[in-house]
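To keep things clear, I will list the structure first and then write my remarks on it.
We did not get these values from a lab; they are worked out from the coordinates using the rules stated. Just so we're clear, the structure is a prediction, and the values are computed from it rather than from any experiment. Reconstructed Cβ throughout: ideal geometry from the backbone, glycine too, with neighbour counts over all protein chains shown.
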Amino acid sequence: MRKIFATLLLAVLTTGCLANENAVHTPSEASTADGVSLHLVQSPEGNYELKWPTRDVFEKIGHPFQSGDKLRALFPDQFQRNSPEITYAFHTEPSEDQGLYFQHFPTDKQIRTTLIEVDAQLNPHNTLSPNVHTLSADPRGNKDIVHKFPFRVDAVMPEKTDALYILLTELVEKDGSVSDSIVQIYYIPGKVIHAEISTDKTVYTPGDELQLMITNLGPTNLTHNGKRYDLEKKNKDGWELLNERKPGTSMTLEGYSPITVGDYTQNIKLPDDLKPGTYRIVKSVGADLADYGTELSVTFEVK
């Protein structure tokens, strides 16, 4: 039972995955309330990745760098105890509880969490008060602690989308000094989709195999419905759908695929009876953990 629970806890702390496309979408409403567009932070590789050197995260919030070794020694045995050099942003939802799991409570000490809203450069919002919570005793009580499930010291994510937060967890000594700290970063997705969709060629013949590539540029994790796609042909009235959806198939979870920043490749065999003309493949994608989606398409010729 403990192994099963530990597995579930590890899953909770794992970021989701997403999909991508060839038409790059940057909705104007995909910015924070103060006008800072988180998706404008672009890596040298062209991806909008939410990751920072851990030392920089401490520096941004004006906190001295600490390894986190003392706090990690209190983790459940199945959890990693190494101090990461890079801190990645976990994707989460508004009102979601987030934080660290502990198996042991430190003797004669407190555990304190501080949730700080930051902008795209991790600068704290000076006009907003941090959310501070202090735990002074083991919440599970004192009876048979060793055999009880781990507990979590957490914070509730605010009701805001396309927002970035730093969660600082500190080990506080009896004299009030801080002897160890761990930083985590959480991103609440908004209506932000940066993705590209492309094909391996621009011209095909009937019966060819088409290779479809979806590239998610981030920062939002995307989801798409697996191998499901629409094949459409251009005519004088617009686009004609060739592979009609069967009732009940368009919104099922069969083939559901999440993809993080990176690539997704799908091989599609074109029908043998396609006539010469202009065609397109359409894929529906959504922002993971957010109520937003769009359709991405790429055109090609059949001769």
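Structure notes:
- For THR134, neighbours were defined as the other residues whose beta-carbon sits under 14 Å from its Cβ, and their charges (Lys and Arg +1, Asp and Glu -1) total -1.
- Column: log10 I(q)/I(0), Debye, Cα scatterers of the stretch 31-188, q = 0.14 Å⁻¹: -0.73
- When THR54, THR220, THR161 are sorted by how many other C-beta atoms sit within 10 angstrom of their C-beta, beginning with the fewest, the order is THR54, THR161, THR220.
- As a calculated quantity, the FRET efficiency between ASN267 and GLN121 at R0 = 25 Å, using C-beta atoms, amounts to about 0.05.
- When LYS160, LYS303 are sorted by how many other C-beta atoms sit within 10 angstrom of their C-beta, beginning with the fewest, the order is LYS303, LYS160.
- Extension gain, ARG280 back to SER83 (0.36 nm per residue minus Cα-Cα distance, nm): 66.2 nm
- Taking a ≥ b ≥ c as the square roots of the eigenvalues of the alpha carbon gyration tensor, the stretch 96-137 is prolate, as a/c is not under 1.5 and a/b beats b/c.
- Look at ASP77, ASP56 and count the other Cβ atoms within 10 Å of each Cβ; fewest to most, that gives ASP77, ASP56.
- Site pair ASN243 and THR205 shows an inter-label distance of 2.2 nm when each label is modelled 7 Å from Cα along Cα→Cβ.
- Between the stretch 202-227 and the stretch 44-123, the alpha-carbon center distance in angstrom: 34 Å
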